[in-house]
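If you scroll down you'll find the structure; I have some questions about it.
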Amino acid sequence: MAVGGFGGVDGPVSSFNGKITASVVITCIVAASSGLIFGYDIGISGGVTTMQPFLQKFFPSVLRKAAEAKTNIYCVYDSQVLTSFTSSLYIAGLAASLVASRLSAAIGRRNTMVLGGLTFLAGAAINGGAANVAMLIFGRILLGFGVGFTNQATPVYLSEVAPPRWRGAFNTGFQFFIGIGVVAANCINYGTAKRSWGWRLSLGLAVVPAAIMTIGALLISDTPSSLIERGKVEQARHSLRKVRGKDCDVEAELAELKKASDVANEAKREPFVTIFERQYRPHLVMSIAIPFFQQLTGINIIAFYAPVLFQSVGFGNDSALIAAIILGLVNLASILVSTGVVDRFGRRFLFLEGGIQMFVCQVCFCSCYIPIRRSYTHCQGRTKESQGLGPQGRGGSSASSYNRGFRHKGNQQRLRHTGTGSNVHLRSWVWLVLGSSQLAHSK
């Protein structure tokens with residue numbers, strides 16, 4: 001699944017070839033583990049909404065419709081309250097993305113990840129112990145704020161810490177952990193689906209990836225760029241020496257980072273205004289167009305509602321959950337392929353390959369789906385419009401890496417937060433629209 005965005009760039013320090021040290025690997029793994037919370041939520045929510053004990057407690061109307069639906073299971077999920085449960089996370093993520101870039105600049109990337117982890121932890125605990133729909137939605141809102149903060153801060157952190165030569169591979173670590181979270185959540189759903197308390201365990205176990213990420217973030221230092229931006233030069237020198245290796249001379253790179261920060265501070269211009277300048281227009285267009293069209297393919301909706309979608313085409317409950325696990329494993333495998341080739345062949349190559357693959361697969365999907373769809377009738381005689389969903393291939397990881405491949409001059413430090421914040425905000429908005437329409441159908 002493609003998340004993340006515009007934040008990481010090959011900035012002015014790209015000429016310094018830092019080595020891959022044990023410290024930088026561990027630091028990037030810990031930071032990338034932020035993807036666990038997003039991936040877990042993607043995988044868990046769709047499965048939970050198919051569990052009968054969960055629906056019986058919070059959404060009994062859905063079960064009543066299930067008993068009445070004779071031709072199309074889509075009629076079952078025509079529930080605005082259930083839609084609110086799933087979409088509230090993205091409404092909160094949408095709001096969080098508006099302030100996440102400023103927050104990341106003010107308190108640092110690491111602290112923003114810690115804040116996101118703690119917020120997600122609280123939301124997971126509330127959802128696991130929910131006694132009514134209000135608690136569920138409140139917990140989901142907290143989860144959304146956590147996801148919004150970490151999705152903005154983590155890609156920037158990875159880009160600023162990773163050695164320039166291997167930046168693409170390190171950036172896909174975030175995608176990799178999202179994939180792990182999705183697969184783990186689908187497996188948990190499958191194991192708890194038949195238990196009356198299974199939904200509580202599925203929702204409550206989100207505290208585990210949140211705790212792992214939060215504790216890990218507390219143990220790593222902030223990025224040199226972030227520390228310099230906040231006037232902590234000595235800490236930045238120590239952080240840079242730690243990730244580049246004790247034997248590496250970091251003074252030249254540190255001086256370049258200070259110079260870039262000084263240029264940004266001297267400009268004293270609002271980054272949300274600066275990013276609209278002509279010289280940054282290509283970066284702005286790509287940071288919007290790439291995630292927008294990638295999200296419109298519907299891959300994240302497939303991942304989120306995989307069990308529901310598989311049930312809607314005739315799979316049994318267990319079969320739908322197993323199919324969701326297989327889907328997650330395929331996505332995880334594609335991320336591994338991307339990690340291995342992104343720095344060798346480049347972002348553009350993967351972007352084109354993924355786009356062609358997605359186009360071919362969606363044409364094949366539509367060719368098979370349209371004849372089948374004609375054999376079904378929608379509830380009350382109306383047919384459901386196709387959502388235009390399709391497989392992701394390897395385009396998602398390359399899209400995020402592609403967005404992180406641009407160079408900036410002058411206002412790089414400030415625009416890094418602004419670009420990533422805009423990217424996450426756009427993704428949350430598209431998720432909200434597509435996610436709401438997926439469950440809210442015509443009556």
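Of all residues being touching a Gly at 6+ places or on another chain (Cβ under 9 Å) and β-branched (Val, Ile, Thr) in the stretch 86-120, which is surrounded by the fewest Cβ atoms within 10 Å (Cβ to Cβ)? Just the residue, please.
99
Something else now. Mind checking which pairs have a first residue in the stretch 94-120 that is of a type in the set (Val, Ile, Thr) and a second that is outside any helix (DSSP H, G or I) and open to solvent by 20 Å² or more (accessible area, probe 1.4 Å), Cβ under 9 Å, 6 or more apart or different chains?
Pairs that qualify, where the first residue is of a type in the set (Val, Ile, Thr) and the partner is outside any helix (DSSP H, G or I) and open to solvent by 20 Å² or more (accessible area, probe 1.4 Å), are 107/230.
Can you find even one residue in the stretch 146-156 that is farther than 25 Å from residue 257 by Cβ, over 17 Å from the mean Cα position of the chain (by Cα) and assigned to a helix (DSSP H, G or I)?
no
Which of (1) more than 30 Å from residue 310 (Cβ to Cβ); (2) of a type in the set (D, E, K, R); (3) modelled with pLDDT under 85 does residue 232 not meet, given it meets every other one?
Failed condition: (3).
Right, another one. Among (1) open to solvent by 10 Å² or more (accessible area, probe 1.4 Å); (2) touching a residue at least 40 places away in the same chain (Cβ under 8 Å); (3) part of a helix (DSSP H, G or I), where does residue 248 come up short?
Against the list (1) open to solvent by 10 Å² or more (accessible area, probe 1.4 Å); (2) touching a residue at least 40 places away in the same chain (Cβ under 8 Å); (3) part of a helix (DSSP H, G or I), residue 248 comes up short only on (3).
Follow-up. Working carefully through the options 42, 29, find the one that is within 26 Å of the chain's Cα centre (by Cα), surrounded by fewer than 19 Cβ atoms within 10 Å (Cβ to Cβ) and at pLDDT 80 or above.
Going through 42, 29 in turn, the sole match is 29.
Considering (1) open to solvent by 40 Å² or more (accessible area, probe 1.4 Å); (2) farther than 30 Å from residue 194 by Cβ; (3) without any contact (Cβ under 8 Å) to a residue 40 or more places away in the chain, say which one residue 341 fails and leave the rest.
Residue 341 satisfies every listed condition except (1).
OK, next. Tally the residues that are more than 17 Å from residue 130 (Cα to Cα), crowded, with 22+ Cβ neighbours inside 10 Å and more than 24 Å from the chain's Cα centre (by Cα), restricting the search to the stretch 45-61.
Of the residues in that region, 0 qualify.
What is the number of the single condition among (1) aliphatic (A, V, I, L, M); (2) open to solvent by 10 Å² or more (accessible area, probe 1.4 Å); (3) modelled with pLDDT under 85 that residue 137 does not meet?
(3)
So in the stretch 94-138, with the set limited to residues that are of a type in the set (Gly, Ala, Ser) and assigned to a loop (DSSP other than H, G, I, E, B), which one is farthest from the chain's Cα centre (by Cα)?
Looking at the filtered set, the residue picked out is 131.
Right, next: Does residue 332 count as more than 22 Å from residue 49 (Cβ to Cβ), part of a helix (DSSP H, G or I) and modelled with pLDDT of 85 or more?
So residue 332 fits the description; yes.
Here is a yes/no grid of residues against (1) surrounded by 23 or more Cβ atoms within 10 Å (Cβ to Cβ); (2) in a helix (DSSP H, G or I); (3) among the basic types (Lys, Arg):
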residue: 158; (1), (2), (3): yes, yes, no
residue: 194; (1), (2), (3): no, no, yes
residue: 199; (1), (2), (3): yes, yes, no
residue: 208; (1), (2), (3): no, yes, no
residue: 243; (1), (2), (3): yes, yes, no
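The values are calculated or read from the model by the stated rules, or taken from the named source; none is laboratory data. In this text, all values refer to a predicted model and were calculated from it rather than measured experimentally. Cβ: placed from backbone, ideal geometry, glycine included. Neighbour counts: every protein chain shown. The accessibility values were calculated without ligands, DNA or RNA, using every heavy atom of the protein model including side chains. Shrake-Rupley method; radii C 1.70, N 1.55, O 1.52, S 1.80 Å.
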